[in-house]
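Worksheet for the structure shown next.
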Amino acid sequence: MNAAELTITELRSAYAAGDLTPAEVLTTLAAEIDARDPAIGGYLSYDLDQALADAEKVDLSLPLGGVPIAVKDLINVKGHPCSCASKLLHGHYTAPYDATVIRKLREAGAIPFGRTNMDEFAMGSSNENSGIQPCRNPHDLGRIPGGSSGGSAAVVAAHTAIAALGTDTGGSIRQPASHCGIVGLKPTYGRVSRYGLVAFASSLDQCGPMTRTVADAAALLEAMAGPCDRDSTCLDAAVPRYTEEIGKDIRGLRIGLPSEYFAAGLDAAIRTRVEDAVKALESLGAEIVPVSLPNTEHAVATYYIVATAEASSNLARFDGVRYGRRAQADDLIGLYGKTRDEGFGEEVKRRIILGTYVLSSGYYDAYYLRAQKVRTLIRRDFEAAFETVDLLASPVSPVPPFRLGERHSDPLSMYLADIYTISANLAGICGLSIPCGTVPVDGRELPVGLQLLGKPFGEATLLRAAHAYESVRGQ
Amino acid sequence: MNIRQVAALARLELTDEEAERYQGQVEQILHYVEQLNRIDVEGIEPTAHAAALFDVVREDVATGGGLTREEALSNAPAVAQDQFRLPKVIE
């Protein structure tokens, strides 16, 4: 038994049977990382000694007792680096506190282990914007793992982690999960605390689990979710027992297929895989209903105004004064400008410029305010659809993972591939990606994800349907 | 778009090469997002947050849950007299 290949459920059973100890699992993972991660680039760092010290104190009777969790490098874990894959912070920042999600996971017995690679400050869909090192898809090392949580997806898929945390602002959990063939869940806005996450776009960001199975995602979400007195946007309500959804049937569940998500631009082989998955859901007793989300065509434009505006404000804090690398300059304004120009990578600077422009005097109403109004229309599309269906089903990405470098010079074409994922963030609803087969690309089989979208705070239904599908997949 | 003016607002010192490249790319993106001008948004309320807003309140007492001075300064590039050190601002 290779401990690194286990799911959370299997690992918990092995602990209960006395077959493994957390220290053995951590040591095995470290060996697997050393042997295989250099070719993938999924990790930016790990600290085995610290994790072993955590493991000594861990209570194995807790729901996640002794389970190591890899952490996207924008989530603060006390004593660990937190670089956001940016040169501005890499080697210049050690987190002085735990994010709320980390505190909750520790209270459930989990052990944070390893910092995963990402697009710098979560800006990107390919992980090519990491300021530290490229990350590769374990299914084809010449191709991208997706992004921005590309490292988290790659290490779970490569069996160099048991499970990982990602964040999703426009698809950054679901899209890399789809490209790497794992489960990735973006919770409803307000389900999981954002305290201790380095903010990209505060009205869109959510943290969620990236795992090998739906049951593992349910277990992680159950531990991560819930009220936080340091995030005023985090819902003050009890967390459902998501793990109890596993194994329930989906007879009579109404699942909508948004026609706009199966339109021109969707790869034919991906369409077939997703349609097969929908047939499987139907065979399990779900009722499939056509629906329309008419403002879908405006989602990318809306998103890239709202998200960059918020980013330009959030990233103002990186000025070389309180943390991070500081450039040498004679005066304060020069210090700010040089620090930020030298520290930020190309995509981050491009988005800061765009966001600053759409918020600037004279342009605010034309761009930012108008985008916020279109955001209302997009949200209403989902409200109307969810009056007749319980879930929506669609592809995650219109295309399979592309080769590293293939699209890097054309940011707009990269943004357009986010079409199926970003509306969920604008509307604040929950969604997940679950593997639904593979498509052949240049002689290799590459994973494809099925996206399920749920009503606000409807994660229980989402997990129930995903598990029902998972249990018949490939039959 | 005056790229130098926007970059100055964002406190970004760009090289000439960067300024030229970003000018073209950002204008291409702005051209794309101008499709939103075709939509009738008359009378539509803007959405700032997707979730209904709620607030978290508690008694106004110090909880001691924040960072100590030492922790707050632990990542500072330069420190003097227990404070963040910066180039001289006032002549």
Exercise. Given A:K186/A:K373; A:K57/A:K87; A:K186/A:K349; A:K104/A:K248, which pairs have Cα atoms separated by over 29 Å?
Worked result: A:K57/A:K87
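Other chains' Cβ within 10 Å of B:3-9 residues: what's the mean? Mind showing how you got there, number by number?
Working: counts 2, 0, 3, 10, 8, 3, 8.
The shielding value for this peptide is 5.
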Exercise. How big is D, in µm² s⁻¹, for chain B by Stokes-Einstein at 25 °C and 0.890 mPa s if Rh is the Kirkwood radius over C-alpha pairs?
Worked result: 125 µm²/s
Exercise. What distance in nm separates the simple spin-label points at A:L60 and B:A72, each placed 7 Å from Cα in the Cβ direction?
Worked result: 4.4 nm
Problem set entry | Estimated FRET transfer efficiency (B:I44, A:Y364; beta-carbon r; R0 22 Å; 0.05) | 0.85
Exercise. Antiparallel DSSP bridges in the protein assembly as shown: what percent, to the nearest 5?
Worked result: 70 percent
Seminar exercise, completed: One finds the C-alpha centres of the stretch A:63-129 and the stretch A:390-420 to be spaced, in Å, by 25 Å
Problem set entry | Spin-label model distance (nm) - A:R251 vs A:D49, 7 Å beyond Cα toward Cβ | 5.9 nm
Exercise. Which value, to two decimals, describes the C-alpha radius of gyration of the stretch A:293-446 once divided by 2.2 N^0.38 Å?
Worked result: 1.30
For this session: For the stretch A:343-387 and the stretch A:422-439, compute the distance between their C-alpha centroids and round to whole Å.
Result: 20 Å
Seminar exercise, completed: With label points set 7 Å from each Cα along the Cα-to-Cβ direction at A:D410 and B:A80, the distance between them in nm comes to 5.3 nm
Seminar exercise, completed: Partner shielding of A:362-369, taken as the mean number of other chain Cβ atoms within 10 Å, equals 2
Exercise. Using only Cα atoms, what Kirkwood radius does chain A have, in angstroms?
Worked result: 22.1 Å
Exercise. Which is farthest toward the positive dipole end of the stretch A:90-178 among A:S172, A:A157, A:G109, measuring Cα position about the Cα centre, with Cβ charges +1 (Lys, Arg) and -1 (Asp, Glu)?
Worked result: A:G109
Exercise. How well do other chains shield peptide A:313-325, expressed as the mean number of their Cβ atoms within 10 Å of each residue Cβ?
Worked result: 3
For this session: With r as the distance between the Cβ atoms of A:E387 and A:L284 and R0 = 25 Å, compute the FRET efficiency 1/(1 + (r/R0)^6) and round to 0.05.
Result: 0.60
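Using the Cα centre of chain A as the reference point, and only Cβ charges (+1 on K/R, -1 on D/E), how large is the resulting charge dipole? Debye, rounded to the nearest 20.
On the way: 45 positive and 56 negative charges, 143 e Å.
My answer is approximately 680 debye.
Could you tell me the calculated FRET efficiency between B:E34 and A:D330, based on Cβ-Cβ distance and R0 = 45 angstrom, to the nearest 0.05? Could you put the intermediate results ahead of the total?
Values: r = 41 Å, r/R0 = 0.91.
Calculated value: 0.65.
Only the coordinates and a few stated rules stand behind these numbers; no lab work does. Predicted model, so just to flag it, every value in this text is computed and none were measured. Every residue, glycine among them, receives a Cβ derived from its backbone with ideal geometry; neighbour counts consider all protein chains shown.
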